[in-house]
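These notes are about the structure you will find just below.
The values are calculated or read from the model by the stated rules, or taken from the named source; none is laboratory data. Note that the coordinates shown come from a computational prediction; the quantities given were computed from them, not determined experimentally. Heads up, the Cβs are rebuilt from the backbone with ideal geometry, glycines too, and the neighbour counts pull from every protein chain shown. Surface accessibility is based on the protein's heavy atoms, side chains included, excluding ligands, DNA and RNA. Shrake-Rupley method; radii C 1.70, N 1.55, O 1.52, S 1.80 Å.
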Amino acid sequence: MELVTGATGYVGGRLVERLAREGRPVRAMARDPSRLAAAGGVEPVRADVLSGAGLSEALEGCSAAYYLVHSMEHGDEDFGERDRRAARNFARAAREAGVETVVYLGGIAPPPGTPLSPHLASRLEVEEVLLAELPRAVALRASIVIGAGSPSFRILVRLVERLRVLPFPGWWRHHTQPIDERDAIEYLARAPRVPEAAGRSLDIAGPDVLSYGEMIERIAELMGVGRSPLRLRATQTPAASAVVSAVVEQPIELVRPLMESLESDLLPRDDALSVFGLRLHSFDRAVERSLREWERAEALTAR
């Protein structure tokens, strides 16, 4: 049995589907199991990583577990503190349940000496907690996941859709390697079954190195719309976050941490491909597929 936490979230939901298609016994964990989509071979379970309620029962009999929980919503304590507390609760419960492997998906770290955004710092702290408590844990790190349900990708698409002139703050020059949703999910699915990955932190990335400005321009081109870039020298993240939040109609608590993470290059440090041997999808193919899936559920007015 494999446990997927955060099963009502974007990555968690896609991973549950992937594991179930392979016929692997899956236990899908959520604070509200009624929100889980029904799927054959998937056992819903109620548990809460913040309070610890239900974790022992959720982990009982599991050989592997996926930790896909992040706390970015508004609250009395910052999301970093919630993430630390949740990770400690989960790591303790997993160790007591004798779970062999825990797989975590976090974020790629910037170059050494670069200040960490609170968003990335929290991801790395969770990784450290899990690896310290669970020696066979696997920490996978990704930058932007390209998929119809990816919050980062949806923000970029909404900006292209709704703004004819695209203001690019200073971070437009920074580079990263976005990864196709299908490839990110495949890395996760394979991780418990790849002995060489145990106890390691591995960066997962797509094959294309792009600046954030190039990514947005490519998305506009693939959407078939003309947009004029306005390149700015200053980063202006606080003001830009407020504008983006209003344009894309997403909470500032989600938008600001994501934009703070763009203020440096986010490039892989190691070759996860040599460990997993995946065949990766290009950025253009990932965007085209994601836009098709998006339009099956809702219209994109710019197309």
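The table below gives the values:
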item	result
Contact order normalised by residue count of the stretch 38-192, Cα under 8 Å, 6+ apart, percent	21
Modelled FRET efficiency - R0 41 Å, Arg269 with Ser63, Cβ distances, 0.05 increments	0.90
Translational D in µm²/s for the stretch 95-192 (Stokes-Einstein at 37 °C, 0.692 mPa s, Kirkwood Rh from C-alpha pairs)	209
For the stretch 264-303 and the stretch 89-164, distance of Cα centres in Å	17
Interchain or long-range residues, amide H under 5 Å from Ser201's placed H	Ala139
Accessible surface, per residue, of the chain when the full set of protein chains is kept, probe 1.4 Å, Å²	45
Point-charge dipole on Cβ atoms (K/R +1, D/E -1) for the stretch 57-144, about Cα centre, debye to 20	280
Stretchable slack from Leu278 to Glu295, in nm (0.36 nm times residue separation minus alpha-carbon distance)	3.3 nm
Gln250 paired with His175, simple spin-label distance in nm, labels 7 Å along Cα-to-beta-carbon	2.5
Estimated 222 nm signal from helices in the chain, with DSSP H stretches of n ≥ 4 weighted -39500 (n - 2.57), rounded to 500	-12500 deg cm²/dmol
Virtual paramagnetic centre 7 Å along Cα→Cβ of Arg285, amide N under 17 Å, in the stretch 189-209	205-209
The chain: DSSP helices with Cα axial extent of at least 18 Å and average Kyte-Doolittle hydropathy no lower than 0.0	118-133
Percent accessible area from carbon and sulfur atoms, the chain, protein chains only, probe 1.4 Å	50
